[in-house]
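One structure is given here, and the rest of the page talks about it.
The values are calculated or read from the model by the stated rules, or taken from the named source; none is laboratory data. From a predicted model like this one, the values you see are computed outputs, not experimental measurements. Cβ sites come from the backbone with ideal geometry, for glycine too, and all protein chains shown count toward neighbours. Ligands, DNA and RNA are stripped out before the accessible areas are found, and what is left, the full protein with its side chains, is counted by its heavy atoms. Shrake-Rupley method; radii C 1.70, N 1.55, O 1.52, S 1.80 Å.
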Amino acid sequence: MITARAMKVILCFFVWQLICIVGISHLNLARAATLGEWKLLQENIGVSAMHMQLLYNDRVIIFDRTDFGPSNLSLPNGVCRINPDDLVLKVDCTAHSLEYDVNANSVRPLMVQTDPFCSSGSVLADGRLLQTGGFNDGEKKYRVFRPCANCDSQEFDGLNAPRWYATNHILPDGRIIVIGGRRSFNYEFYPTSKTLMDFPFLTQTNDPGEENNLYPFVHVNVDGNLFIFANNRAILFDYNKNTIVRTYPQIPGGDPRNYPSSGSSVLLPLSPDGTEAEVLVCGGAPRGSYAQTSKGVFVTALRTCGRIKITDASPQWVMENMPTPRVMSDMTLLPDGNVLIVNGASSGTSGYDRASNPVLSPVIYFPDNAVGSRFQVQNPSKTPRMYHSSSVLLRDGRVLIGGSNPHDGYVFSGVDFPTDLSLEAFSPAYLRTEFDSIRPTIVFPTAQTSLNYGEILRVQYTISGTLSPWEVKVTMVSPSFATHSYSMNQRLLHLGGGNSLKVAASTYSTEVRTPESSILAPSGYYILYVIHQGIPSVGNWVHISSKQSAEW
């Protein structure tokens, strides 16, 4: 006979199971509602978005190339580019660069005199965009763009080596280092000088006939040295002494991850104490894939991601699998510290008409989850984004995506993947309207606030719904120069949180500390976010520097 106590236990057990089932059901429904959304912003901006950079005035500077004829965007007032060294048009009245106004959803044509094709870029400490190199007559040029209502790029001679497929990174002292490029196994600095430093690491990682070490992945470590990944190898490099500090293990499998194999890489979010740093490298193409495409064979891309804590005493790669193989993808740090993986194909390599099977569904990578539960597939776009696509984070938390030009020129029909001149935005699930009641709105710091290193910052914000005081954190993101599956200078710092106080009706304050030095956060403009229960505010632009910092 079952006693009353036993019956109670059994009943409780079944109730608990029912709760679990209902809970799982609700969880699955919640997960179904956590996929991002797409929106077409511009069907035709006139140029293909090969290179993109967000500036502190909420304008995105976009570059195409000049050497394949006219674009679909005219220069204003009958202005024409006159260049006897251009490979196609000596007189060209169309624009190959533009300024996209995020808030107005409008474009303004810009002038470039020489070819910025496959160039590199960084934002200087004062907010100007420095773009370096390119192709043909642009390979030793650099261009400087100052954000203002009617500004245009200024071009200068001065690079010491051709910088075609090179990588830039801003340094803790405010200088820009420019590394590599096709047949340039060296590096130099901006402001320019006559100094050109040999870099044998690039010679050693160069695959004959394929290269696979162009656009090397470069990240500033928490000790101020540079983590540099090229092909399948990585080093920690002291650029002041021109010495290798340490050599990391080769990424497992040994396949290349840089152009034209074109995986992607991010420095994962840095903790407030700045003592640890991790790098993530995802996707790419197996060795030999580039040569195979010349025969019409598109080898399946890599689906592996390698993650390594570069500050460990004995660092080792931890390998994971993405939901699908991916080459030519872009990796964008989101305000909450997660990573959006978007664009690209599942077979082939970078290069014109050298890839097939576009991957339309983005993936969000959750760095803090356990291995095996870090990837979440998102709703697909309708637009293939193949070679020369790019993505950048916007201040409101959306990701701007454009480009795809797998032809030598603008070809809109009769091919598998036509040239694409559109811009669209991907909105992660945190932008859904049902989260508006818990979404913070920043009151302070106001836009363009100047911050110092290592200071206490009392961030104020409003929330219309109920505050969860221990689920508040503050992050700071540097905008990146995105091209060829790599976002240069991209960086996210956790400033702290979890100590919210109510200061007025629906208004709260969280005390955090700014980064201790320019090693953690090189001087310049960042977007500051407040995150509440995983939902970010619209960010505010802030500028961080020390009183002694150099403004190059």
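Which residue, chosen from Phe185, Val363, Ile228, occupies the Cα position most advanced towards the positive end of the dipole of the chain, where the dipole is computed from +1 (Lys, Arg) and -1 (Asp, Glu) charges on Cβ about the Cα centre?
The listed residue farthest towards the positive side: Val363.
So for the chain, taking the charge dipole from beta-carbon charges (+1 Lys/Arg, -1 Asp/Glu), which of Pro380, Pro469, His219 sits furthest toward the positive end?
Projecting each Cα onto the dipole axis, the largest value belongs to Pro469.
What is the percent carbon and sulfur in the accessible area of segment 339-448, measuring with a 1.4 Å probe over the protein chains and ignoring ligands?
Answer for segment 339-448: carbon and sulfur cover 51 percent of the accessible area.
Hey, can you find the accessible area per residue of segment 165-229 for me, probe 1.4 Å, expressed in square angstrom? List each step's numbers first, then the result.
Values: 1990 Å² over 65 residues.
That works out to 31 Å² per residue.
Could you state the angle between the C-alpha long axis of helix 4-32 and the longest principal axis of the C-alpha atoms of the chain, as a value from 0 to 90 degrees rounded to the nearest 10?
20 degrees
Using Cα-Cα distances under 8 Å and only pairs 6 or more residues apart, what relative contact order does segment 366-499 have, in percent?
Details: 184 pairs, mean separation 24.4, N = 134.
Relative contact order for segment 366-499 comes out at 18 percent.
Between rounded, prolate and oblate, where does segment 132-180 land on the alpha carbon gyration tensor, with a ≥ b ≥ c its root eigenvalues, rounded for a/c under 1.5, else prolate if a/b exceeds b/c? Walk me through the numbers on the way to the answer.
On the way: a/c = 2.34, a/b = 1.18, b/c = 1.99.
The shape class here is oblate.
Cβ neighbours within 10 Å, averaged per peptide: list 163-170, 325-332, 86-93 in order, most packed at the top.
Details: 163-170: 26.2, 325-332: 28.2, 86-93: 14.6.
The densest-packed peptide leads the list: 325-332, 163-170, 86-93.
Output ³J(HN,Hα) for segment 428-437: one whole-Hz value per residue in order, computed from phi by the Karplus curve 6.51 cos²θ - 1.76 cosθ + 1.60 with θ = phi - 60°, and x for Gly and Pro.
For segment 428-437, the Karplus-derived couplings read x, 4, 5, 8, 5, 5, 5, 9, 4, 5 Hz, x marking Gly and Pro.
Give me the dipole magnitude in Debye, nearest 20, for the chain about the Cα centre, with unit charges on the beta carbon: positive for Lys and Arg, negative for Asp and Glu.
Working: 43 positive and 47 negative charges, 225 e Å.
Computed charge dipole of the chain: roughly 1080 debye.
Quick one: what are the phi-derived ³J(HN,Hα) couplings along segment 42-53, Karplus 6.51/-1.76/1.60 with θ = phi - 60°, whole Hz, x for glycine and proline?
9, 6, 8, 8, x, 9, 8, 7, 6, 9, 9, 8
With a 1.4 Å probe and all protein chains left in place, how much accessible area per residue does segment 430-540 have, in Å²? Spell out each step's value before the answer.
Working: 4060 Å² over 111 residues.
That works out to 37 Å² per residue.
Expressed as a whole percentage, what fraction of the accessible surface of segment 486-535 belongs to carbon and sulfur atoms when a 1.4 Å probe is rolled over the protein heavy atoms? Numbers along the way, then the final one.
Values: 730 of 1490 Å².
Within segment 486-535, the accessible surface is 49 percent carbon and sulfur.
For Thr433, Thr419, what's the largest-to-smallest order of accessible area, 1.4 Å probe? Show your work: numbers first, answer last.
Values: Thr433 105, Thr419 10 Å².
Largest to smallest exposure gives the sequence Thr433, Thr419.
Please state the relative contact order of segment 462-552 as a whole percent: Cα pairs under 8 Å, 6+ residues apart?
On the way: 157 pairs, mean separation 26.5, N = 91.
Averaging sequence separation for qualifying contacts and normalising by length gives 29 percent for segment 462-552.
Using the Cα gyration tensor of segment 467-509, with a ≥ b ≥ c the square roots of its eigenvalues, what is the shape: rounded (a/c below 1.5), prolate (a/b larger than b/c) or oblate (neither)? Write down the numbers at each step before the final one.
On the way: a/c = 4.33, a/b = 3.38, b/c = 1.28.
It is prolate, given that a/c is not under 1.5 and a/b is the larger ratio.
Under a Cβ-only charge scheme (Lys and Arg +1, Asp and Glu -1), can you give me the dipole magnitude of segment 190-349 about the Cα centre, in debye to the nearest 20?
Numbers: 11 positive and 14 negative charges, 79 e Å.
Magnitude of the dipole: close to 380 debye.
Any idea how far apart Glu276 and Val79 come out in nm if each label point goes 7 Å out from Cα toward Cβ?
5.1 nm
Provide the packing ranking of 151-159, 269-277, i.e. peptides ordered by the mean count of other C-beta atoms within 10 Å per residue, highest first. Numbers along the way, then the final one.
On the way: 151-159: 15.1, 269-277: 17.0.
Answer by packing, highest mean first, reads 269-277, 151-159.
Give me the percent of accessible area attributable to carbon and sulfur for segment 124-175, probe 1.4 angstrom.
Here it works out to 45 percent.
Looking at segment 201-284, which trypsin sites (Lys or Arg not before Pro) are in a loop (DSSP not H, G, I, E or B) and have at most 12 other Cβ atoms within 10 Å? Could you put the intermediate results ahead of the total?
Working: sites: Arg233, Lys241, Arg246, Arg257; in loops: Lys241, Arg257.
Passing sites in segment 201-284 are Lys241.
Can you give the FRET efficiency for Arg458 and Lys241, using 1/(1 + (r/R0)^6), R0 = 35 Å, r = Cβ-Cβ distance, to the nearest 0.05? Don't skip to the answer; put the middle values down first.
Values: r = 40 Å, r/R0 = 1.15.
For Arg458 and Lys241, the calculated efficiency is 0.30.
Is the shape of segment 216-336 best called rounded, prolate or oblate, per the rule: a/c under 1.5 gives rounded, else a/b larger than b/c gives prolate, else oblate, with a ≥ b ≥ c the square roots of the Cα gyration tensor eigenvalues? Before the final figure, lay out each step's value.
Numbers: a/c = 2.22, a/b = 1.63, b/c = 1.36.
Note, shape of segment 216-336 comes out prolate.
Please give the peptides 439-449, 483-493, 220-230, 125-135 ranked by average Cβ packing (other Cβ atoms within 10 Å per residue), highest first, as a rough proxy for protection.
Values: 439-449: 16.5, 483-493: 25.7, 220-230: 21.3, 125-135: 22.9.
Answer by packing, highest mean first, reads 483-493, 125-135, 220-230, 439-449.
Mind checking the per residue accessible area of segment 238-294 for me, 1.4 Å probe, whole number of Å²? Walk me through the numbers before you get to the answer.
Numbers: 2060 Å² over 57 residues.
Accessible area per residue: 36 Å².
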